[in-house]
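Quick note: the coordinates plus some simple rules give every number you see, no bench work behind them. Just so it is clear, the model here is predicted, and its values are computed rather than measured. Virtual Cβ from ideal backbone geometry, glycine too; neighbours counted across all protein chains shown.
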Amino acid sequence: MTALLVIGLGNPGTRFERTRHNVGSRAVELLAARHHVVFGPQRREMARVAIAQLNATRVVLAIPTTFMNESGLAAKPLVRHYLGDEESPLAHLVVIHDELDLAPGTVRIKRGGGTAGHNGLRSIGSHLHELDFCRIRIGVGKPPGAMSGADYVLGRVPRDEQAVLEESCVRAADALEMIVEEGVSRAMTHFNAR
């Protein structure tokens, strides 16, 4: 693998930093810190970008500066700019995002599939015209009672759950590294068996 584009989904601004919806962008921030690379300012691709070298693989870490439901506005130019020369460019794309259908603390890897109602994935699919890319899904659990999904993922996270989500982001960063080092299939076997 010569290049990999990793997009961590979330909403911009300090108000959303530690929400459940921003675990994807948090995992990408952890990856950047782990590999001692710094995000530049917003680019014309509507994202902040840092470039790391993992083994022989150039890994582009991107955090869209769009809101979640407009993630595709960033994903499309990022794919074109960084993967345009790759054969089957979406085979080199990994999107990290929150997942209501997984319990907090769960990290799973998936290739392709639907959006499961996730507005960020829906936007990316509408701009790329397909969803056949790798996802690292970070479980945030279902909202309690009659609370809406939007209020739940954008709301304040209780203190006892914050540590669980942070550990999940660390494991998502580990999953990305395993994808780079050992391939998607091996990483899926390892992380999806937990």
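When both residues are 6+ apart or on different chains and their Cβ atoms are under 9 Å apart, which pairs have a first residue that lies in the stretch 143-168 and is assigned to a helix (DSSP H, G or I), and a second that is among the aromatic types (Phe, Trp, Tyr) and surrounded by 16 or more Cβ atoms within 10 Å (Cβ to Cβ)?
154/16
For the stretch 11-52, name all the residues that are assigned to a loop (DSSP other than H, G, I, E, B), of a type in the set (Val, Ile, Thr) and either over 27 Å from residue 152 (Cβ atoms) or in contact with a Lys or Arg (Cβ under 6 Å, 6 or more places away or on another chain) (or both).
37, 38
Could we say that residue 42 is closer than 27 Å to residue 191 by Cα and surrounded by fewer than 17 Cβ atoms within 10 Å (Cβ to Cβ) here?
Considered against the rule, which asks whether it is closer than 27 Å to residue 191 by Cα and surrounded by fewer than 17 Cβ atoms within 10 Å (Cβ to Cβ), residue 42 comes out as no.
Within the stretch 5-46, can you find the residues that are over 13 Å from the mean Cα position of the chain (by Cα) and under 13 Å from residue 82 (Cβ atoms)?
Across the stretch 5-46, the qualifying residues are 43, 44, 45.
Have a look at 98, 85 and point out the one that is farther than 16 Å from residue 43 by Cα, out of contact with any Phe, Trp or Tyr (no Cβ under 9 Å at 6 or more places or on another chain) and crowded, with 18+ Cβ neighbours inside 10 Å.
Being farther than 16 Å from residue 43 by Cα, out of contact with any Phe, Trp or Tyr (no Cβ under 9 Å at 6 or more places or on another chain) and crowded, with 18+ Cβ neighbours inside 10 Å holds for just one of 98, 85, which is 98.
Among the residues of the stretch 55-98, which ones are in contact with a His (Cβ under 7 Å, 6 or more places away or on another chain) and within 26 Å of residue 181 (Cα to Cα)?
Answer for the stretch 55-98, where residues must be in contact with a His (Cβ under 7 Å, 6 or more places away or on another chain) and within 26 Å of residue 181 (Cα to Cα): 75, 76, 83, 86, 97, 98.
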